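*Asks:* Below you will find the structure I want to go over with you.
A short reminder: the numbers here are calculations on the coordinates, not readings from a lab. Note that this is a predicted model, so its numbers are computed, not measured. So basically every Cβ, Gly included, is an ideal-geometry build from the backbone, and we count neighbours across all protein chains shown.
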Amino acid sequence: MTIDRKTREPKSAGRTCPICGDPTDANYQPFCSRRCADIDLSRWLKGTYAIPGGRADADEDGDDAQAAQGTHDDQREGRHEDE
């Protein structure tokens, strides 16, 4: 394990910070400092990082999206439920 010259705290050997490339600090793994950890968090919160996903259905329970929008066949033909 190596010692950081600035803070005199131990750093993990062999692993590098994904933000700046410096050796990681055991206190902030997988980052080297609080600053890099905050930069990463900020990127997640701003939406810079995104996890790709498929098309989302308008209705979360998996039913047809048209049913959720109220476009049933009866409504398109002008018929109402009270007829």
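*Asks:* Any residue in segment 15-28 that's closer than 18 Å to residue 49 by Cβ: show its pairings with residues that are part of a loop (DSSP other than H, G, I, E, B) at Cβ separation under 6 Å, as long as the two are six or more apart or on different chains.
*Replies:* Pairs that qualify, where the first residue is closer than 18 Å to residue 49 by Cβ and the partner is part of a loop (DSSP other than H, G, I, E, B), are 17/31; 17/32.
*Asks:* Follow-up. How do the pairs read when you match residues in segment 33-52 that are under 17 Å from residue 16 (Cβ atoms) with residues anywhere that are among the hydroxyl-bearing types (Ser, Thr, Tyr) and surrounded by fewer than 10 Cβ atoms within 10 Å (Cβ to Cβ), using Cβ under 9 Å and keeping only pairs 6 or more apart or on different chains?
*Replies:* Filtered contacts from segment 33-52: 40/49.
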